[in-house]
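Contents: one structure, followed by commentary.
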Amino acid sequence: MTDSKPQPYDAIVLAGGAARRLGGVDKPSVRVGGRPLLDRVLAACAGAQRTVVVAAPRPTSRPVHWTREDPPGGGPVAALDAGLRHTTADCAVVLSGDLPFLEEATVARLLSALHTTGTDAALLTDADGRDQPLVAAYRTAPLRHALSALAEGDRGLAGLPLRRLTAALDLTRVPDPLASFDCDTWDDIADARARIREHGHVLDEWISAVKDELGIDLDVDTGVLLDLARDAAHGVARPAAPLTTFLVGYAAAQGKGGPEAVAEAARKAVALALRWEEEAAGKPGSDSPDPGPGR
């Protein structure tokens, strides 16, 4: 029987490229959906025991360990080797820092594929079926061995293409054209920014961006808050919707501060809005008290 528990892993994020096709800007800091690309990738690998970012240090949404390849700008194989030296887990997820649509579920799928197949690595393939070795999960022992073998060459690791590394490994391929989408040009950035608003998860994207901006980590049932806003607007007045949701959030923060506190404050506010609506309609029973949950 396969163990379904999440497998411990470290994460290595390569974020130190020159971004020549973007005019040399700091690509990991470019924002998509209001969040830096690097922070979007860091959110996707938040379950890592340790996250190593191979790049010059800069502000990030969560703590990471920083390192650089030697020499800086030595290419992805050298950067991967530099990051791997700071990991201890048996598995490592290796990611580029420019993946706007990467999610935790994708990382979990790669780790599951690695665990169930027994291969050296599980990597995504893009819309054209091309391997994406910087959106992949690796077993660290064979990865270290392959890097060591490459390092014995005359040129070392600097400037080597990733295909030289993956050619020495037994691979499992996981198709995912969306999660493997990376941003190499300004057209890619524009495409990603447009797709953020079109792929059906704009509210989730917005809420994630707001939570990052405010420095909070709270899972909230957005359906409950949207229902509250609708009931307040319909039962009281349209401006009551944003004001009521703000007051619910404030009340939750004054209490326990977790999702349960938000849900309880929202339940009370919904009941109050419905009583206002009943009063306006002249319905009987509008003076009855809030019966409380489960009654």
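The values are calculated or read from the model by the stated rules, or taken from the named source; none is laboratory data. Since the model is a prediction, treat every value here as computed from it, not as a measurement. Neighbour counts are summed over all protein chains in view; Cβ atoms, including those assigned to glycine, are modelled from backbone coordinates with ideal geometry. Accessible surface is based on the protein model in full, side chains and every heavy atom, while ligands, DNA and RNA are left aside. Shrake-Rupley method; radii C 1.70, N 1.55, O 1.52, S 1.80 Å.
Among DSSP bridges having both ends in the chain, what percentage is antiparallel? Round to the nearest 5. Numbers along the way, then the final one.
Numbers: 12 of 29 bridges.
Just about 40 percent of them are antiparallel.
If DNA, RNA and ligands are ignored and the probe is 1.4 Å, what is the ranking of Y250, Y9 by accessible area, most exposed first?
Y250, Y9
Leaving ligands, DNA and RNA out of it, work out the accessible area of S208 with a 1.4 Å probe and give it in Å² to the nearest 10.
40
Got a sec? What order do D90, D184, D204, D154 fall in by accessible area at 1.4 Å, biggest, i.e. largest, first?
Numbers: D90 125, D184 45, D204 85, D154 165 Å².
Listed by decreasing accessible area, they come as D154, D90, D204, D184.
Can you work out the accessible area per residue across the chain, with the rest of the protein chains kept in place, probe 1.4 Å, in square angstrom?
With all protein chains present, the chain gives 55 Å² per residue.
E104 to R20: extension gain in nm, 0.36 nm per residue of separation minus the Cα-Cα distance?
Value of the extension gain: 27.4 nm.
Would you work out what percent of the accessible area of the chain, with all protein chains in place, is carbon or sulfur (probe 1.4 Å)? Please list the in-between numbers first.
Values: 8630 of 16080 Å².
Using a 1.4 Å probe with all protein chains present, the chain comes out at 54 percent carbon and sulfur.
Among bridges DSSP assigns within region 57-202, what percent are antiparallel (round to 5)?
Roughly 65 percent of the DSSP beta bridges within region 57-202 come out antiparallel.
Ranked from the most accessible area to the least, with a 1.4 Å probe and all protein chains present, what is the order of K27, K268?
K268, K27
Please identify every one of the trypsin sites (Lys or Arg not before Pro) in region 113-158 that sits in a loop by DSSP and has no more than 16 other beta carbons within 10 Å of its own beta carbon.
Working: sites: R130, R139, R144, R155; in loops: R130, R155.
For trypsin sites (Lys or Arg not before Pro) across region 113-158 that sit outside H, G, I, E and B with at most 16 neighbouring Cβ atoms in 10 Å, the list reads R130, R155.
Could you work out [θ]222 nm for the chain from helices alone, using -39500 (n - 2.57) per DSSP H run of at least four and dividing by all its residues? Round to the nearest 500 deg cm²/dmol.
Estimated from H runs of four or more residues: -13000 deg cm²/dmol.
Once Rh is set to the Kirkwood radius over Cα pairs, what Stokes-Einstein translational diffusion coefficient, in µm²/s, holds for the chain at a temperature of 37 °C and a viscosity of 0.692 mPa s?
151
If you take the square roots of the eigenvalues of the alpha-carbon gyration tensor of region 135-245 and sort them as a ≥ b ≥ c, do you get rounded (a/c under 1.5), prolate (a/b over b/c) or oblate?
Because a/c hits 1.5 or more and a/b exceeds b/c, region 135-245 counts as prolate.
Taking every DSSP beta bridge that has both residues in region 1-130, what percent is antiparallel when rounded to the nearest 5?
Details: 2 of 14 bridges.
Percent antiparallel among DSSP bridges in region 1-130 is about 15.
Let's test this: bin the Cα-Cα distances of region 60-121 at 10 Å from zero up to the farthest pair and state each bin's percent.
Over region 60-121, the share of Cα pairs per 10 Å bin runs 16, 43, 36, 5 percent.
Classify region 26-99 as rounded, prolate or oblate from the Cα gyration tensor: take a ≥ b ≥ c as the square roots of its eigenvalues, call it rounded if a/c is under 1.5, otherwise prolate when a/b beats b/c and oblate if not.
On the way: a/c = 1.92, a/b = 1.24, b/c = 1.55.
Taking the square roots of the gyration eigenvalues as a ≥ b ≥ c, region 26-99 is oblate.
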